[in-house]
Amino acid sequence: MTDPIERAVRDHLDREAAGVDADAMFVRVRPAQPSRRAWLRWTAGAAGSALAAGVAGVIFFNPAQPPQLAAAEQLVRESKDAHSAAADRLYQLVTENEIPVLRRLQIPPLAKTYRVWTRGERFWIETVGDGPHYAAGQDSEGRIWFALSRKRGLLFEPGEVGEPLARLCDFVSLRAAQTLGEILEGFTMLRKDSGQPGEPIRIEANVRPNFLNRNPRFRRIVLELDPVTKLIQTASFQRHMEGEPAAALNFTLLDTAPQPDSVYELRYHLDADAEVLDRKDPWRLDRRSKFRDEFLKRFQPRPR
Amino acid sequence: MSDHPLDEWVRATAPRAVAYARSLLRNPHDAEEIVQDCYGRLIAKADVYDLPRDGMKLLLTSISNACLNLKSRRRTFFRLVRSDDDETFDDPPDRSTAKPEETASGNELAAAVAIALRKLPVQQRAAIELKSLGHSQQEIGEILNVTSNNAGVLVHRARQALAEMLAPFLEREDA
């Protein structure tokens, strides 16, 4: 190897490798008990069922996989495919806030009820019922917007919105395909329905104690799927932040009628003469921050 | 004592595999978990693969995928929060990559390489490390799941960036 850069990198990797305890990794790779016999059977691939249980045990730390899991996993996979299509779905979202946790994490408390339209990564929400009314969404370019009234809107480029509002959007937007993907990767799934014709498919998913899920967004999810379309009919999420329960989110499918593209754009939710505060006009950035901060303050619980 | 061919294979490949995963993730704990997971997945298919012959490349492929997925998953979660691709945001630094004794003993180049690698985007870091381990451009593409041309670009950019960052140290070594 003549290239001095490659030689330097190789030397670095050699030094790092020299500091690795190969025996420690060897012990970790071996199944715990009964080690020798399981290892031999495992590596030889001689006993199918023993192998499956052993590998699942090592990978997921959950050796007792019930036979229903495969069926539930398949159904969640089909549901993910159904939700990956660029189709519009309207859900009602009813929330239960853990206000102290949200306040500590500087997340604006959620409204009680929302209407949530989704299409792939795009979504738009509006509050329903008492309390401050607003609409928000993510458009086709990944920009986050807030329509504070018909006369004023805030538009943020991806990553520009700031943590509190970003987390608010993360809470209320049902990005179904992404969430179902997370379930497939990190959750143990069980079918809870009897499988009778016409009965909704009911699946309970609990996060696996896997190292990839040390700080999962959700701990427990209960899904009801349409037995034919596999679309999510209802979904209940226990939302966690930094290991603490922050909110319970209950989505119910209301409508699947196609919507025009424009409903996911800020302009659709404003009057023609409305003021849009975005980054195009640097003189307005301060005003955008000011209205964003005022918006956040409106949702802070008043001291008694 | 080893009495199974795969025992020997694990012991022989583990140091290189763990070092590679640590370098990509810069978090020793996550790296070891991923390597363990990857070994588990490969060994489960030991009757399909010839692990003593092809295992290292398969292992590096599996580790690369898992590490890149983990980093991408963390970015997805924070995508709305942060716009930049600041890796220090989602990865605590691996203090072991720059050992104090390296600096203390005057091995400045070694310390500089560790720091410079950390500054590379993870795909470039993986590409240059695989190149330094003797893999061809095509193999790097297969391991990182990119085209061969793309692998070449990654290696080239990584080498350029490292050359710039390490220039003072390399010149001193030559002198």
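Worth a mention:
- Search result, residues across the stretch B:1-55 that are outside any helix (DSSP H, G or I), facing chain A (nearest Cβ under 7 Å) and within 19 Å of A:D23 (Cβ to Cβ): B:H4
- Matching residues, the stretch A:1-28, being touching a helix residue (DSSP H, G or I) at 6+ places or on another chain (Cβ under 6 Å) and at pLDDT 85 or above: A:P4, A:I5, A:E6, A:A8, A:V9, A:R10, A:H12, A:L13, A:E16, A:A17, A:V20
- Contacts under 7 angstrom Cβ, first residue in the stretch A:120-135 being among the acidic types (D, E), partner open to solvent by less than 40 Å² (accessible area, probe 1.4 Å), 6 or more apart: A:E121/A:Q138; A:E121/A:R175; A:E126/A:Y114; A:E126/A:A135
- Of all the criteria given as (1) open to solvent by 20 Å² or more (accessible area, probe 1.4 Å); (2) more than 14 Å from every other protein chain (Cβ to nearest Cβ), the one not satisfied by A:P164 is (2).
- In the stretch B:126-154, the residue that is nearest to B:C38 (Cα to Cα) out of those that are within 9 Å of chain A (Cβ to nearest Cβ) and open to solvent by less than 30 Å² (accessible area, probe 1.4 Å) is B:E129.
- Among the conditions (1) within 11 Å of chain B (Cβ to nearest Cβ); (2) in contact with a Pro (Cβ under 8 Å, 6 or more places away or on another chain), A:R175 misses just one, which is (2).
- Taken as a whole, the stretch B:141-148 holds at least one residue that is part of a loop (DSSP other than H, G, I, E, B) and in contact with a Gly (Cβ under 7 Å, 6 or more places away or on another chain).
- Residue match in the stretch A:176-188 (condition: of a type in the set (F, W, Y), in a helix (DSSP H, G or I) and closer than 20 Å to A:F251 by Cβ): no
- Residue match in the stretch A:149-156 (condition: assigned to a loop (DSSP other than H, G, I, E, B) and open to solvent by 40 Å² or more (accessible area, probe 1.4 Å)): yes
- Scanning the stretch A:240-272 for residues that are among the acidic types (D, E) and part of a strand (DSSP E or B) yields a count of 2.
- If the condition is being over 20 Å from A:G153 (Cα atoms), surrounded by fewer than 16 Cβ atoms within 10 Å (Cβ to Cβ) and either under 20 Å from the mean Cα position of the chain (by Cα) or among the polar types (S, T, N, Q) (or both), then the stretch A:114-143 contributes only A:E121.
The values are calculated or read from the model by the stated rules, or taken from the named source; none is laboratory data. On a predicted model such as this, the values are computed, not experimentally measured, just so you know. Heads up, the Cβs are rebuilt from the backbone with ideal geometry, glycines too, and the neighbour counts pull from every protein chain shown. The accessibility values were calculated without ligands, DNA or RNA, using every heavy atom of the protein model including side chains. Shrake-Rupley method; radii C 1.70, N 1.55, O 1.52, S 1.80 Å.
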